[in-house]
Amino acid sequence: MKRLYSIIILFAVLAGLMACGNRSQTGQTDVNSGATNKKEEGVMKQNGQSKENTNILVAYFSCTGTTKPLAEYAAEYLNADLYEIEADIPYTSEDLDYNKSDSRANKEQDDSSARPAISGKVEDMDKYNIVMLAYPIWWGQTPRIISTFLESYDFSGKTIIPICTSHSSGIGSSDKNLHSLVDSSVKWKDGKRFAAGTWENEIIGWLDEMGIQPFVEENGGKEAAECVFDFEKKTVTLNSGYEMPLNGLGTYSLEDDVCVSSVSEALKRGVRLIDTAYMYHNEEEVGRAVRDSGVPREEIFVITKLYPNQFSEPEKAIDEALKKLDIEYIDMMLLHHPGTDDVKAYKAIEKAVEDGKIRSIGLSNWYVEELEEFLPQVTITPALVQNEIHPYYQENDVIPYIQKLGIVVQGWYPLGGRGHTAELLGDETISAIAKAHGKSSAQVILRWNLQKGVVVIPGSSNPDHIQENTELYDFELSDEEMEKINALDRNEKHDWY
Ligand SMILES: Cc1cc2nc3c(=O)[nH]c(=O)nc-3n(C[C@H](O)[C@H](O)[C@H](O)COP(=O)(O)O)c2cc1C
């Protein structure tokens, strides 16, 4: 009993020391922080595919059965593959006796070059883009067998999420110390320690917080988890695995130098999502402003669209867009609206995604019936549907339908569109809510969209309005206010699409 107490105290001290170590390392290690446009999880890339194509692996090492159930909960929730890292020579209880300085586990932990052999292997590591790695803490660190595991595969470009169990220590530096064992392109998530007997809900809650969501096999694999908006980062992770900002600049009707200066102003003011289209005749101007902005390319998310008159020769149209924009790659290409050969055009974009020319695909002006007909004909589930959405045309039946497919909804004409903006901004209900929050009507409408899970791309060439349209995250509409705006719906479309 006395020995047990001394061990508990020792582990508690270790926990404290490691917590300090953790603090001193913050800022060096979270390679994901700050980037808005990186292929992070790829979690929802699985949309519409079968479980066999799932791209998450939960790998765990567990000698006394504490870590194992946690790994199982995560794998079950995420519909991920589960792999047990088993030692070639299994650990006996004598091997695990941490009180004996010469026990096998202790000797291994003392020797940084120890690499206990693993029996068996992961069949096809290439197919995973996220690996959750679960392990017990041994003397504040990962058991050396985790080093063997990490050195046995190529993890380039993958995301690794460490979790651990321990008697009392925190995760400390154990996760960060693994970074040097793999390629520098690996995206590490900050790890988390869970106590023995942690409930499934806690694991699920943590995964949800990080935006790691399950693949859901319903409706023949066509239903996926809804996309969660991260209001802190102001981004949403698309089903393609890329992060997209929640607010952007629409460039419809912005031409020539006005377009260049509007996009430049927006980028200066922190806007990182720019929406253009072949039909707006301003891809060159958008591209120029992006190139000249001084903002790193990977931080900017550019959407463009193919118009139906381009659908018959989509490859040519895609190359034309790439050439006009001249920004290395296109973050997302949409089909502007349904039309003859739309499936053919979409398939050409799928090929361009494969070739690395385009990162994500979407549709514009597709509603429930159109989606029902279209989706079974394509391989990659669209990452986004962009439709007309504003308080007078709310699409309350369409939005949830799209979101349930794991597709992000984006609204064009969020402020009512040309000729209607004044009426909408002057709407009594909206103005009263705006007044109560010390915000403008435009900000209230945009915030209402965001709270409904709709990404907004208001267009403007006025720097003050561009600025105003970014200030959407320092207030929140109450349920009652949301309801009041919901009640303004008139099913009144302001354009013909
Ligand atoms: C060699 C060894 C060293 C350990 N070192 C620590 C430690 O530093 N801090 C701690 O809280 N627990 C420590 N533990 C306890 C384990 O981390 C804890 O029991 C863990 O949950 C076991 O996971 P498993 O059952 O999945 O193997 C150690 C256990 C062993 C065998």
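The values are calculated or read from the model by the stated rules, or taken from the named source; none is laboratory data. Bear in mind that the values here come from a model prediction, so they are computed numbers and not experimental data. Ideal geometry is used to build each Cβ from the backbone, glycine not excepted, and the neighbour counts take in all protein chains shown.
General observations
- Residue list for the range 413-466, restricted to those being surrounded by fewer than 22 Cβ atoms within 10 Å (Cβ to Cβ) and aromatic (F, W, Y): none
- Failed criterion for G197 (all others in (1) at pLDDT 95 or above; (2) within 15 Å of the ligand (Cβ to nearest atom); (3) over 22 Å from the mean Cα position of the chain (by Cα) hold): (1)
- Once the range 138-153 is narrowed to residues that are away from the ligand (no atom under 15 Å from the Cβ) and not hydroxyl-bearing (S, T, Y), the residue that is nearest to I85 (Cα to Cα) is L150.
- Residue count, the range 85-102 (criterion: in a loop (DSSP other than H, G, I, E, B), within 13 Å of the ligand (Cβ to nearest atom) and surrounded by fewer than 19 Cβ atoms within 10 Å (Cβ to Cβ)): 12
- Among residues that are basic (K, R), in contact (Cβ under 8 Å) with a residue 40 or more places away in the chain, in the same structural domain as V286 (by TED's automatic domain parsing) and farther than 23 Å from Y280 by Cβ, K452 is included.
- Residues satisfying the stated conditions in the range 130-147, i.e. surrounded by 19 or more Cβ atoms within 10 Å (Cβ to Cβ) and in contact (Cβ under 8 Å) with a residue 60 or more places away in the chain: I130, V131, M132, L133, A134, Y135, P136, G140, P143, I145, I146
This table checks each residue for (1) surrounded by fewer than 22 Cβ atoms within 10 Å (Cβ to Cβ); (2) not aliphatic (A, V, I, L, M).
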{"position": "G287", "(1), (2)": "no, yes"}
{"position": "V302", "(1), (2)": "no, no"}
{"position": "P308", "(1), (2)": "yes, yes"}
{"position": "F311", "(1), (2)": "yes, yes"}
{"position": "E315", "(1), (2)": "yes, yes"}
{"position": "E320", "(1), (2)": "yes, yes"}
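- Looking only at the range 53-72, and only at residues there that are more than 10 Å from the ligand (Cβ to nearest atom) and crowded, with 21+ Cβ neighbours inside 10 Å, the one that is farthest from F149 (Cα to Cα): T54
- In the range 177-191, residue farthest from the ligand (Cβ to nearest atom) [restricted to those that are modelled with pLDDT of 95 or more and in contact with a helix residue (DSSP H, G or I) (Cβ under 8 Å, 6 or more places away or on another chain)]: V182
- Screening G157 against (1) within 16 Å of the ligand (Cβ to nearest atom); (2) part of a loop (DSSP other than H, G, I, E, B) leaves a single unmet condition, (1).
- Residue under evaluation K127, criteria (1) of a type in the set (D, E, K, R); (2) away from the ligand (no atom under 16 Å from the Cβ); (3) without any contact (Cβ under 8 Å) to a residue 40 or more places away in the chain, criterion not met: (3)
- For the range 103-120, filtering for residues that are away from the ligand (no atom under 16 Å from the Cβ), part of a loop (DSSP other than H, G, I, E, B) and in contact with a strand residue (DSSP E or B) (Cβ under 9 Å, 6 or more places away or on another chain) leaves 2.
- The set of residues from the range 328-373 being closer than 26 Å to V260 by Cβ and surrounded by fewer than 20 Cβ atoms within 10 Å (Cβ to Cβ) comprises E328, Y329, K357.
- In the range 121-154, the residues that are in a strand (DSSP E or B) and among the hydrophobic types (A, V, I, L, M, F, W, C): I130, V131, M132, L133, A134, W138
- Residues satisfying the criterion are present in the range 75-84 (criterion: within 16 Å of the ligand (Cβ to nearest atom), at pLDDT below 95 and out of contact with any Phe, Trp or Tyr (no Cβ under 8 Å at 6 or more places or on another chain)).
- Those strands (runs of 3 or more DSSP E) of the range 226-289 in which at least 2 residues are modelled with pLDDT of 95 or more, under 17 Å from A321 (Cβ atoms) and out of contact with any Lys or Arg (no Cβ under 8 Å at 6 or more places or on another chain), considering only elements entirely within it, cover 273-275.
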